[in-house]
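Pasting a structure here, questions to come.
The numbers here are math on the coordinates, done by the rules we state, and not lab data. The model shown is predicted, which means the values in this text are computed figures rather than measured ones. Cβ: placed from backbone, ideal geometry, glycine included. Neighbour counts: every protein chain shown.
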Amino acid sequence: KAGVTQTPRYLIKTRGQQVTLSCSPISGHRSVSWYQQTPGQGLQFLFEYFSETQRNKGNFPGRFSGRQFSNSRSEMNVSTLELGDSALYLCASSFESGGYEQFFGPGTRLTVL
Amino acid sequence: GENVEQHPSTLSVQEGDSAVIKCTYSDSASNYFPWYKQELGKRPQLIIDIRSNVGEKKDQRIAVTLNKTAKHFSLHITETQPEDSAVYFCAAPMYSGGGADGLTFGKGTHLIIQP
């Protein structure tokens with residue numbers, strides 16, 4: 001089976017812009033979770049989508065949003081970018097919801113200037 | 001929400017020795033405890049996990065133990081090798097009214113294997 005893929009791998013944006021990241025899960029997986037990884041805060045949960053529904057959201061502002069399509073691919077959007085949004089954004093897919101047996105993608109490195 | 005504490009933040013061991021990393025969690029409803037290994041510049045990789053209906057699970061040189069009463073779980077690596085050098089993360093599910101949602105991660109342990 002092909003692993004989790006994410007595009008793009010690297011992004012450079014300026015403050016105030018918006019960005020869309022994409023995640024393709026392992027075939028057959030219906031859950032996609034998104035995490036932000038920074039040196040200071042570590043790995044933090046953003047949100048999880050399961051069967052096109054957002055199940056829960058972490059403690060992030062409304063500028064962070066996402067969606068999931070019928071083929072389980074997911075996108076994450078960040079609007080009005082701030083310097084502090086610079087991070088590695090990881091998605092993880094699993095067969096069942098709730099964080100069980102999650103497999104991570106390679107991540108998208110976002111730099112906000 | 002769930003709170004996961006991980007210790008130590010850095011662990012240096014001689015090649016061939018054992019390494020132990022410990023985590024505590026706060027939500028007694030937690031029933032799943034994975035460990036991830038992240039090498040520099042790479043994605044976190046699931047190396048072992050345990051569900052709350054067992055107390056220990058082994059896979060070759062790695063094992064995880066769980067003490068539900070004390071709300072802590074540990075990763076044990078025996079006969080450490082240079083390729084074990086990485087950052088290791090423990091995690092536990094967070095819960096809302098609708099069930100488990102995503103994982104709360106510990107801050108990570110940088111394991112250094114000294115030759």
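What order do you get for B:LEU40, B:LEU66 when you list them from fewest to most C-beta neighbours inside 10 Å?
Numbers: B:LEU40 7, B:LEU66 21.
Ranking B:LEU40, B:LEU66 by Cβ neighbours within 10 Å, fewest first, gives B:LEU40, B:LEU66.
Also: In segment B:15-115, which GluC sites (Glu not before Pro) fall in coil by DSSP and have 15 or fewer other Cβ atoms within 10 Å?
On the way: sites: B:GLU15, B:GLU39, B:GLU56, B:GLU79, B:GLU83; in loops: B:GLU15, B:GLU39, B:GLU79.
Here the GluC sites (Glu not before Pro) that fit, given the DSSP loop and packing criteria, are B:GLU15, B:GLU39, B:GLU79.
Most fluctuating residue of A:GLU101, A:GLU75, A:GLU48 in a GNM of chain A with Cα springs under 10 Å: which is it?
A:GLU101
OK, next. Take B:HIS76, A:HIS29 and order them by how many other Cβ atoms sit within 10 Å, fewest up front. Intermediate values should be presented prior to the final figure.
Details: B:HIS76 17, A:HIS29 20.
Going from sparsest to densest Cβ surroundings: B:HIS76, A:HIS29.
Given the Cα atoms of chain B, and with Rh set as the inverse mean 1/r over their pairs in the Kirkwood sense, what is Rg to Rh to two decimals?
A ratio of 0.97.
Only bridges with both residues in chain B count here: give the DSSP antiparallel percent, nearest 5. Can you show the working numbers first?
On the way: 38 of 43 bridges.
DSSP beta bridges in chain B are roughly 90 percent antiparallel.
Now, a different point. Let me check I've understood the local charge: for A:ARG109, count other residues with C-beta under 13 angstrom from its C-beta, Lys and Arg +1, Asp and Glu -1. What total comes out?
Around A:ARG109, the surrounding residues sum to +3.
I would also like to ask the following. Taking the Cα atoms of the protein assembly as shown alone, what are Rg (to one decimal) and Dmax (as a whole number) in Å?
17.5, 51
Work out the length of the dipole vector of the protein assembly as shown about its Cα centre, built from +1 on the beta-carbon of each Lys and Arg and -1 on the beta-carbon of each Asp and Glu, and round it to the nearest 20 debye.
540 debye
Something else now. For A:SER79, B:SER28, what's the fewest-to-most ordering of other Cβ within 10 Å of each Cβ? Present the calculation step by step, with values, prior to reporting the outcome.
Values: A:SER79 14, B:SER28 11.
Fewest-to-most Cβ neighbours within 10 Å comes out as B:SER28, A:SER79.
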